[in-house]
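Engineer: Pasting a structure here, questions to come.
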Amino acid sequence: MFSDDNLFIDYHSEKNIQHVASVVSNLLENHLTGGDNVPFHKENIFEKAVMPNITLKNYIYRIYRSAKPTEETIIGSIIYFDMVLKKYSDKINKRSIHRIYLVAILLASKYIEDDFFMNNDMAKFGGISLYELNRLEKKFCDWLDFDFLIFPITFNQFRKLFVKLMA
């Protein structure tokens, strides 16, 4: 189903992991709504009242450094993020993007990998409680109507785009 050419991540190279995190964060941040002065929306459980004190790039780097997701999982997480973006773009802003991506990478790992981190580990990597991650995961699953299928053609399109952005 997935091809092994153009591999893009090397967990032995800090510089490479930072570059991958940078490309992913730039890709995701291009879709933020509301700029820096986003009002807090209590009804959006992904939002925090206080802006995150870590950049999205550093947050993603921390997750990748700890969880070491496969390239397929990284691409899958971007696809899941895109699926949410198409339906709920108004919910993705600077107050919510960190937590939305954490759940995207968690679910991509569960769907794509045979061996994945449990929620308690991912909660630690993401700096939130297990209870909170479970709530966010349920909401994200609702947003996707529990449909995690990624067609090979879709995966390959996203992978080609990502490899191009990595260059």
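Engineer: For segment 52-167, please list each of the helices (runs of 4 or more DSSP H) lying entirely inside it that holds at least 1 residues being closer than 25 Å to K15 by Cα. Spell out the reasoning first.
Structural biologist: Numbers: elements: 56-67, 71-88, 97-112, 119-126, 130-143, 152-166.
It comes to 56-67, 71-88, 97-112, 119-126, 152-166.
Engineer: Filter segment 118-131 for residues that are of a type in the set (A, V, I, L, M) and surrounded by 14 or more Cβ atoms within 10 Å (Cβ to Cβ) and give the result.
Structural biologist: Hits for segment 118-131 are M122, A123, I128, L130.
Engineer: Hey, can you tell me all the residues within segment 43-77 that are farther than 18 Å from F125 by Cα, of a type in the set (V, I, T) and surrounded by fewer than 20 Cβ atoms within 10 Å (Cβ to Cβ)?
Structural biologist: The answer is I45, V50.
Engineer: Which ones in segment 98-117 are closer than 28 Å to A49 by Cβ and loosely packed, with under 15 Cβ neighbours inside 10 Å?
Structural biologist: Residues satisfying the conditions do not exist here.
Engineer: Please find, among I112, I105, I128, I97, the residue that is of a type outside the set (S, T, N, Q), touching a residue at least 12 places away in the same chain (Cβ under 8 Å) and farther than 22 Å from E71 by Cα. Please lay out each step first, then the result.
Structural biologist: Working: I112 fails: farther than 22 Å from E71 by Cα; I105 fails: farther than 22 Å from E71 by Cα; I97 fails: farther than 22 Å from E71 by Cα.
The conditions single out I128.
Engineer: Here is a list of conditions, (1) buried (at least 16 other Cβ atoms within 10 Å of the Cβ); (2) modelled with pLDDT of 95 or more; (3) closer than 18 Å to F46 by Cα, and N134 meets all of them except one; can you say which number that is?
Structural biologist: (1)
Engineer: Any idea how many residues of segment 151-167 are surrounded by 13 or more Cβ atoms within 10 Å (Cβ to Cβ) and touching a residue at least 60 places away in the same chain (Cβ under 8 Å)?
Structural biologist: Qualifying residue count, segment 151-167: 9.
Engineer: What is the residue count in segment 11-21 for residues that are at pLDDT 75 or above and more than 19 Å from G76 (Cβ to Cβ)?
Structural biologist: Number satisfying all stated conditions: 6.
Engineer: Exactly one of these conditions fails for T33: (1) of a type in the set (V, I, T); (2) touching a Ser or Thr at 6+ places or on another chain (Cβ under 7 Å); (3) at pLDDT 95 or above. Give me its number.
Structural biologist: (3)
The values are calculated or read from the model by the stated rules, or taken from the named source; none is laboratory data. The structure displayed is predicted, hence computed values, not measured ones. Every residue, glycine as well, gets a Cβ built from its backbone with ideal geometry; the counts of neighbours run over all protein chains shown.
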